[in-house]
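**Q** Take this structure, written in structure tokens, and hold onto it; I'll ask about it next.
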Amino acid sequence: MHELLSSTPEKERTLLVAAQVKNSRPLLSMSDSLLELAMLADTAGLEVTGQVVQNMQQIDPNTYVGSGKVEEIREQVLNMSAQSIIFDDELSPRHQRQLEREFGENIKVLDRSALILDIFAQHARTREGALQVELAQYEYRLPRLTRQWTHLARQAGGGAARGGSGGVGLRGPGETQLEVDKREIGRKISKLKEELEHVREHRSHYRRQRSRAGIPVIALVGYTNAGKSTLLRTITNSDVYVANQLFATLDPLTRKVDLPSGRHVLMTDTVGFIQKLPTNLVAAFRATLEEIVEADLLIHIVDTSHPNVRQHIEAVEDTLAELDVPPVPRILVWNKIDQWDNPQLPQRYGAENYVAEVPISAQNNIGIDQLLEAIEAILSQHIRKVKLRLPYNRGDLVSQLFELATVESQEHTEDGVIITAQLPPSLQERFAEYQIQ
């Protein structure tokens, strides 16, 4: 897989560019977003040499930031011997192509999405993670193909890639190469989607097995680097990989957790979220993120000490809404409380979305017992024993019950099947109309 960024030992020098349109309301201020972009660049192994900012009335249709600002960026690139430029927003294919023309073949033009995709590619440690990242990369690149990207067919060779007059007509070699690359990428995308569909089916089968065992599933969600992996390692006393960097872990990791009563639950660490998360990355990680959608309880972990903690909470909540997560109970966990010197927790709006808030320090094992007690109380409260009458023409619902809930008994009557089951929160709304006293 062709990499966007240099992998040589010497760090690639890069210049950051951010623009803010008048009357726009971004989640983070331009300075805070640039600081986060610099952390992303550092995680990708780049050396940030400087930054350029632009306040404008509207986005320039050709160069995104306007011709005058392009000249300023070009001067900075020359003065700082930078090899790449990273924009703090996703560039349209048109902007990408025009900026590549403006800065020439020797300067790479990247945006935030491309940078995040490269970090994901570096950190994917399993076959599933690699497939998901590769799919997202190809889908990102397909509408952005230019002559700078024509590497696929050259590697493969073939008559079409070499040009020539046979059947080409008036098209030149460059155009022919782009067409070959587009077909090659389209073929790879189709193959990757097929492979990921098999992964999705395997995960669904695994989740059905877990549901039949009656073990509740808890998903850890949060902004990247909020401490999800540290919490999972502390609770389970296991060798979960932990690093103080953005997107340290991508692949979901599930561990068994014993609650104070001795009851077992499964806790799954999922990929961290971030503002402006590329849409195609969310789509590519659908199989992984279904662990969140199917969970019985969500634990939203936030870095209490971060100055933008409220914005981080909002970014995670927005992503959960995009995933269409069902209305299951959520616990807000204020992590890194040992680094917070204020006696009051940060105020936030929308607290009604959470059934509990627990301050902890996952690193120093503070508040973990209180968190486990809150988990047990909420699970006991929200798993409901119900009696349902399902019509015989809804065999699909009967199958769902046996796959996703704990069925205690069933009885066949003239009006349908009467089933007594313990429903996790994720199923209660779905079966509400069939409930009987």
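Read-outs: derived from the displayed coordinates by stated rules, not from any lab. Quantities reported herein were computed from a predicted structural model and do not represent experimental measurements. In this analysis, Cβ positions are derived from the backbone assuming ideal geometry, glycine residues included, and neighbour counts consider all displayed protein chains.
**Q** Check cross-link reach from LYS336 to the lysines: straight Cα distance under 21 Å, and skip same-chain residues fewer than eight apart.
**A** Excluding near neighbours in sequence, the set is LYS228.
**Q** Quick one: if the Förster radius is 22 Å, what FRET efficiency do GLN20 and THR279 give, using the C-beta to C-beta distance and rounding to 0.05?
**A** Result of the calculation: an efficiency of 0.55.
**Q** Follow-up. Can you tell me, using C-alpha contacts under 8 Å and at least 6 residues apart, the relative contact order of the range 1-93 as a whole percent?
**A** Reported as a whole number, the value is 43 percent.
**Q** Report the charge-dipole magnitude of the range 384-436 in Debye, nearest 20, computed about the Cα centre from +1 at each Lys and Arg Cβ and -1 at each Asp and Glu Cβ.
**A** 180
**Q** Quick one: if the Förster radius is 30 Å, what FRET efficiency do HIS205 and THR236 give, using the C-beta to C-beta distance and rounding to 0.05?
**A** The formula returns an efficiency of 0.80 here.
**Q** Next question. Roughly speaking, what is the stretch gain from ASP318 to THR420, that is 0.36 nm per residue apart minus the C-alpha to C-alpha distance, in nm to one decimal?
**A** Here the answer is 33.1 nm.
**Q** Could you derive backbone 3J(HN,Hα) for the range 198-203 from the dihedral phi with the Karplus parameters 6.51, -1.76 and 1.60 (θ = phi - 60°), listing whole Hz in sequence and x where the residue is Gly or Pro?
**A** The phi angles translate into 5, 4, 4, 4, 5, 5 Hz.
**Q** Mind checking which aspartates and glutamates have their Cα closer than 13 Å to the Cα of LYS191? Skip sequence neighbours fewer than 8 apart in that chain.
**A** Excluding near neighbours in sequence, the set is GLU134, GLU139.
**Q** Could you give me the percent of Cα pairs per 10 Å distance bin for the range 12-116, shortest bin first, beginning at zero and ending with the bin that holds the maximum distance?
**A** In whole percents, the pair-distance histogram is 15, 53, 30, 2.
**Q** Which aspartates and glutamates, on any chain, are close to LYS256 with Cα under 12 Å apart, when same-chain ones fewer than 8 places away are left out?
**A** Cα-Cα hits under 12 Å: ASP269.
**Q** Using only the alpha-carbon atoms, what does the range 215-382 span along each of its principal axes? Please give whole angstrom values in decreasing order.
**A** Reported extents, whole Å, longest axis first: 42, 38, 33.
**Q** Among ASN308, ALA283, THR270, which residue has its Cα furthest toward the positive end of the charge dipole of the range 265-310, with +1 on Lys/Arg Cβ and -1 on Asp/Glu Cβ?
**A** The one lying farthest along the dipole's positive direction is ASN308.
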